[in-house]
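What follows is a single structure, written as structure tokens, with notes after it.
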Amino acid sequence: MGLEKEKLDTSIIMDEDEFNRSIEPILSNKGKVYTASPDRDPNDLNPHLKVGFEDVIAEPISTHSFDRVWIGSHATFELVKFGFYRLLTTLLAVPVAFILGIVFGVLSCVHIWVVMPMIQSFMMLLPSIQIVWRSLTDILVTPLFHSMGKILSSIQVKATEN
């Protein structure tokens with residue numbers, strides 16, 4: 001039950017002379033040889049979008065529809081998914097790429113010309129600020145906590161049972 005796949009074996013019988021003559025024009029058209037399409041997601045950013053029919057609709061062993069319904073629904077799912085993806089990318093890909101190009105261009109510019117100079121400036125100022133902060137804590141905070149420690153150290157707590 002379900003989607004069955006068939007394997008067909010095909011063989012072509014040709015004379016040796018006919019084979020040699022028929023392959024020459026193919027070899028002379030080297031510019032028209034097609035290669036496999038390149039991987040458009042080499043870093044595997046979208047593994048969660050590799051969704052097939054079996055990932056969405058699954059019939060348990062105890063419950064099966066007719067084979068033709070299963071095959072038809074599988075074909076419909078794949079066709080609609082493919083068609084809508086092509087339609088939406090046709091309508092949205094160029095405008096979204098334009099907007100994202102602007103966004104990432106602005107982010108890059110701000111990062112290069114604003115954020116990093118500010119961080120470097122702060123890193124240059126930190127040693128001076130560290131000296132001032134240490135002096136302030138030595139003058140104000142340290143004596144206060146030493147005094148509170150001496151006061152609170154004289155408190156004794158005794159637990160008695162009645």
From the Cα centre of region 126-158 to that of region 34-87, the distance in Å is 67 Å
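What's the extension gain from S62 to L152 if we count 0.36 nm per residue and subtract their Cα-Cα distance?
Numbers: separation 90, 0.36 × 90 = 32.40 nm, distance 7.51 nm.
Additional length available on full extension: 24.9 nm.
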So, for the Cα atoms of region 44-109, Rg and Dmax in Å stand at 18.5, 60
Here, L125 and I99, labelled 7 Å along Cα→Cβ, have an inter-label distance in nm of 3.7 nm
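Every number in this text was worked out from the coordinates using simple rules, so none of it is lab data. Note that the coordinates shown come from a computational prediction; the quantities given were computed from them, not determined experimentally. Methodologically, a virtual Cβ is constructed for each residue, glycine included, from the backbone with ideal geometry; neighbour enumeration extends over all protein chains shown.
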